Amino acid sequence: MELPKNYDFKESEQKWIKEWEQKRLYSYKDKGTKKFSIDTPPPTVSGRMHIGHACSYTQGDIIVRYRRMKGESVFYPFGTDDNGLPTERLVESLKNVKSKSMGREEFVELCEKTIKELKPEFIADWKKVGISADFENSYSTIDAHSIKTSQKSFLDLLKKGRVFQEESPVSWCVHCQTAIAQAEFENVDITSNFNDIIFKQGSKELVIATTRPELLPACVAVFANPNDERYKELKGKFATVPLLNYEVPILFDESVALDKGTGLMMVCTFGDKEDVEKWYKYKLPLKSAITEDGKLNEEGKQYKGLTIKEARKQIIEDLKKENLLLTQKPITHPVNVHERCGTEIEILKTKQWFIKVLDKKQELLKAADQITWYPEFMKKRYIHWVENLQWDWCISRQRFFGVPFPIWYSKKTGEVIPASDEQLPVDPLKDKPKVLPPNHTYADIISESDVMDTWATSSVTPQIALDWADHPEKFKEMFPETVRLQAHDIIRTWAFYTIVKGIYNNNAVPWKNIIISGFVLDPKGQKMSKSKKNTIAPQIILEEFGADALRYWAAGSKLGEDLPYQEKDVLTGKKTVTKLWNASKFTLMNLEGYNPIQTSASSQGGTQTPEIQNTDSLEVMDKWLLSKLMKIIKVSTESFENYEYSKAKHETDVFFWQTFCDNYLEFTKYRTYGEDKQPTEHGTQNNTKLAAQKTLYYALLTQLKLFAPILPFITEEIYNMYFKEIEKEESIHTSSWPEINSKLIDEESEKAGDLAVQINSEARKYKSEKKLSLKTEITTLKIKCTAEQKELIQKTIKDLKATGNIKEIFFEKGETLELLFS
RNA sequence: GGGCUCAUGGUCUAGUGGCUAUGAUGUCUCCCUUACACGGAGAGGAUCGCCGGUUCGAGUCCGGCUGGGCCCACCA
């Protein structure tokens, strides 16, 4: 068998992607073996896969491919997250439209159309990196099945009393014009001004420091610390709000910092969480001055109609005019903004749906212990987040493109009218409830027009994939899933919310294990971002180096650890692919005329790998290689079991380059080529050649298998060209994972082989120092060593002479090993 | 301010308390040896961030410090 001179990764990768798909190699089949199910993040259809996706999915895929080879029944669905704000924003910018100024139906249609356009190309990128998901079993978080599942989850929680609707101060994005959840906050430092503003108390001037003068019309009280000597006499008095000239009470609370600003603070409805707390605690009146689209309303009096920014500017100007602005200090302070658009978050009193989480903190913390976290410390991030939760989970969004709430309301009583399970999926704007409350007609109901938060649906990915809505029995068989794979940035959202739903809906944590991958950083270790222009497109890497090379790089990071992108590592991957090709080419060349089936003692299995059953015929160097190979199988298997793919990769890599290529192939060259030069007596096959062939066959196949999860294309190519016919398994990826053959562990041969390697390397060094070609013959080698060492060295003397071009070798007694060349 | 995490040759990285600290890349020298120049052989290059402790023995365990990164809190 002769392989072509060069490996064309582009051609090969394309071919295998197509073939795997045609053969439905990765479709879910219940083989009656241990089940392995994996929950991977449905990426948002953003047009293109980014490098972080490529890396993290590859890491997951490596684990899945290992499991598949172990013979487990792999359930690996693939989803896309198409619903909600991210898609709306994408469509708005792509199609240059504004959802709120378009008809709802028209906009939803446009979203659906856009997704359809983008999706195939989007998914193609995942296939290109060799992700072995069951793409036939793919879901979209906005398809009918996902909507049904998500609505079922909601109705279930409604029955269980875990969701509630309330009109309360809620974080709000004035740009997206919707309520948002705590998990969607992003903290940024903003430069602003700290303004010392004069309030009047009778004729007295009270100085209040604020960064938000535009909220003056929403001011409902002034607060001081009860221990603040400066303000004690203000008790029971009122202050006049400047410019707007109305009175608010002066109150006292321990939470007011004495040293911040002037020690006086104004409470507005609402500037921040602090205001909300005082508003509740002191039952203050509500004075909302900000509209849902971020303008001042009639409460703003003369400032009505101005945007927040304009109002701020105008109020400052007016304060200056009236000499009510004492000082203005520029400051930089942290502000919560909406992660999707960067707009500063407002707090508005609106009616929203919530999932109760604050009262179940203890259970949610306990859940962390029922899941094994890889790496373990990531568990703390989850715990930390749960402990610090401030708000219940607000799941309603005043948007168009999302999963509708499966409910209507009664105009008469205001009560909630839920859809019935059997009518899901339902759109209350189009459909009618099956069951009406007594004395109601369809004219008496109003439809809920809000949609659910994206996370309310992506938090049920296990339930969607395992078909909780339609096949609850099948669902029970597989739930909880084996593994969740995700990055650490969404522990507080995706991991947390999925756990919430698992526990609330199904009384169990959703997976037994969670593996958290790190971030891809730029070569300098900086976070990648579009604004920094330091992003790297995986498509370019794929084009230039190939998927195997990209995967090789991705396999290099430890789980949970951030990985700087280094092109040299991808290049090393490509070199490994090339080396694998060349080493295989050489090996297969040497297997010319070799019939592996004959040497297989176990003919019963028929299609089994021709195992090496008998080591008697093997030479020391063969035993040396195989014994070391067994240890690599052991380490690699153990590492994969613990999701430590980078360790498995490293060990296999070092073995392949050093043990196999640099040494074993060199040591056996003289045995494998030139049979016609030294025909053996009786014309039968040379025994040492046959031994080498046996070893080569088994060692190469094993190494291909060990590399297969990481380098699926090159290994499949080589397997297909030679091994497939003999092994009778259609793909290396469905072939069995190598097992340790304890008969092949041979410490003595390892020692002897190591000595031979050492001596050979000294010989090379000698030649290099003398600037001699490696072909140069060494006349004599005098070896000083112990009797024990001599015995070992004598076992490989033939190999040493041939490999190192050494004519004669003499021994002399010595304490330590000493080599004298001449 | 709280929490987590990291610190190893120029750069990136491996490293279950134990003999000369892994590999890659880059540098230098030699070599197109019939698998591979996307290669081979060799050389040089690390007081394993700093201080202290535990131990016969610490890159590895403990405490403190310094410096990165991330998360959370701080928004008057």
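What follows is calculated from the coordinates using simple rules that are stated; it is not laboratory data. Quick caveat: nothing in here was measured; it's all calculated off a predicted structure. Because the Cβ atoms are built from the backbone with ideal geometry, glycine has one as well, and the counts that use them run over all protein chains shown.
Sort segment A:144-274 into rounded, prolate or oblate with this rule: let a ≥ b ≥ c be the square roots of the eigenvalues of the Cα gyration tensor; rounded if a/c is under 1.5, and if a/c is not under 1.5, prolate when a/b is larger than b/c, oblate otherwise.
Numbers: a/c = 2.87, a/b = 2.35, b/c = 1.22.
Taking the square roots of the gyration eigenvalues as a ≥ b ≥ c, segment A:144-274 is prolate.
How high is the relative contact order of chain A, in percent, counting Cα pairs under 8 Å that sit 6 or more residues apart?
The value is 14 percent.
For A:Lys361 and A:Gln566, calculate 0.36 nm times their separation in residues minus their Cα-Cα distance, and state this gained length in nm to one decimal.
Working: separation 205, 0.36 × 205 = 73.80 nm, distance 4.16 nm.
The A:Lys361-A:Gln566 span can extend by a further 69.6 nm.
Loop-only check: which trypsin sites (Lys or Arg not before Pro) in segment A:58-120 are DSSP coil with at most 12 other Cβ within 10 angstrom? Walk me through the intermediate numbers first.
Values: sites: A:Arg65, A:Arg67, A:Arg68, A:Lys70, A:Arg89, A:Lys95, A:Lys98, A:Lys100, A:Arg104, A:Lys113, A:Lys116; in loops: A:Lys70, A:Lys98.
Passing both the DSSP loop test and the Cβ count: A:Lys98.
Using the Cα gyration tensor of segment A:77-221, with a ≥ b ≥ c the square roots of its eigenvalues, what is the shape: rounded (a/c below 1.5), prolate (a/b larger than b/c) or oblate (neither)? All intermediate terms of the calculation are to be shown ahead of the outcome.
Values: a/c = 2.70, a/b = 2.09, b/c = 1.29.
Verdict is prolate for segment A:77-221.
Report the extension gain between A:His384 and A:Lys765 in nm, rounded to one decimal, defined as 0.36 nm multiplied by the number of residues separating them, less their alpha carbon distance. Could you put the intermediate results ahead of the total?
Values: separation 381, 0.36 × 381 = 137.16 nm, distance 5.68 nm.
Using 0.36 nm per residue and subtracting the Cα-Cα distance, I get 131.5 nm.
Starting at 0 and stepping by 5 Å, how many percent of the alpha carbon pairs of segment A:335-419 end up in each bin?
3, 10, 13, 16, 16, 16, 14, 8, 3, 1, 0
Ranked from highest to lowest mean number of other Cβ atoms within 10 Å per residue, what is the order of the peptides A:724-736, A:807-819, A:262-274?
Details: A:724-736: 16.6, A:807-819: 12.1, A:262-274: 21.7.
So the peptides A:724-736, A:807-819, A:262-274, ranked by packing, come out A:262-274, A:724-736, A:807-819.
Do the alpha carbons of any pairs in A:Lys623/A:Lys751; A:Lys31/A:Lys474; A:Lys689/A:Lys775 sit beyond 19 Å of each other, and which pairs?
On the way: A:Lys623/A:Lys751 11 Å; A:Lys31/A:Lys474 15 Å; A:Lys689/A:Lys775 22 Å.
Over 19 Å Cα-Cα: A:Lys689/A:Lys775.
Cut-off under 19 Å on the C-alpha distance; same-chain residues fewer than 8 positions from A:Lys95 excluded. Which lysines are left, in chain and number order?
A:Lys113, A:Lys116, A:Lys119
Counting alpha carbon pairs within less than 8 Å and at least 6 residues apart, what relative contact order, in whole percent, applies to segment A:26-182?
Details: 158 pairs, mean separation 47.2, N = 157.
After rounding, I find 30 percent.
For A:Asn439 and A:Ala508 in the same chain, what is the full-extension length gain: residue separation times 0.36 nm, less their Cα-Cα distance, in nm? Please list the in-between numbers first.
On the way: separation 69, 0.36 × 69 = 24.84 nm, distance 4.01 nm.
That pair, A:Asn439 and A:Ala508, stretches by 20.8 nm at full extension.
Using the Cα atoms of segment A:398-557 to build a convex hull, what is its mean projected area in square nanometres?
Values: hull surface 56.4 nm².
Here the figure is 14.1 nm², rounded to one decimal.
Short version: ³J(HN,Hα) in whole Hz for each residue of segment A:304-318, in order, from phi by Karplus 6.51 cos²θ - 1.76 cosθ + 1.60 (θ = phi - 60°), x for Gly and Pro, what are they?
Along segment A:304-318, the couplings run 3, x, 6, 6, 3, 5, 4, 5, 4, 5, 5, 5, 4, 4, 5 Hz.
Sorted by average packing, counted as other Cβ atoms within 10 angstrom per residue and highest first, what order do A:179-189, A:494-504 take? Intermediate values should be presented prior to the final figure.
Values: A:179-189: 17.4, A:494-504: 23.7.
Going from most to least packed, we get A:494-504, A:179-189.
Once you have a ≥ b ≥ c as the square roots of the Cα gyration tensor eigenvalues for chain A, tell me rounded if a/c is under 1.5, and otherwise prolate or oblate according to whether a/b is larger than b/c. Walk me through the numbers on the way to the answer.
Details: a/c = 3.13, a/b = 2.12, b/c = 1.48.
Prolate.
Trypsin sites (Lys or Arg not before Pro) within segment A:160-236: which are DSSP loop residues with at most 15 other Cβ atoms inside 10 Å? Numbers along the way, then the final one.
Numbers: sites: A:Lys160, A:Arg162, A:Lys200, A:Lys204, A:Arg230, A:Lys232, A:Lys235; in loops: A:Arg162, A:Lys235.
Hits after loop and neighbour filter: A:Lys235.
Per DSSP H run of at least 4 residues, take -39500 (n - 2.57); add these up for chain A, divide by its residues and hand me the 222 nm value, nearest 500 deg cm²/dmol. Spell out each step's value before the answer.
Numbers: 25 runs with 306 residues, N = 822.
Computed ellipticity for chain A at 222 nm equals -11500 deg cm²/dmol.
Compute the helix-to-body angle for A:104-128: its Cα long axis versus the longest principal axis of chain A, expressed 0 to 90° and rounded to tens.
Once rounded, the angle reads 20 degrees.
How would you rank A:327-340, A:639-652, highest first, on the average number of other Cβ atoms within 10 Å across their residues?
Numbers: A:327-340: 13.8, A:639-652: 20.4.
Peptide ranking by packing, descending: A:639-652, A:327-340.
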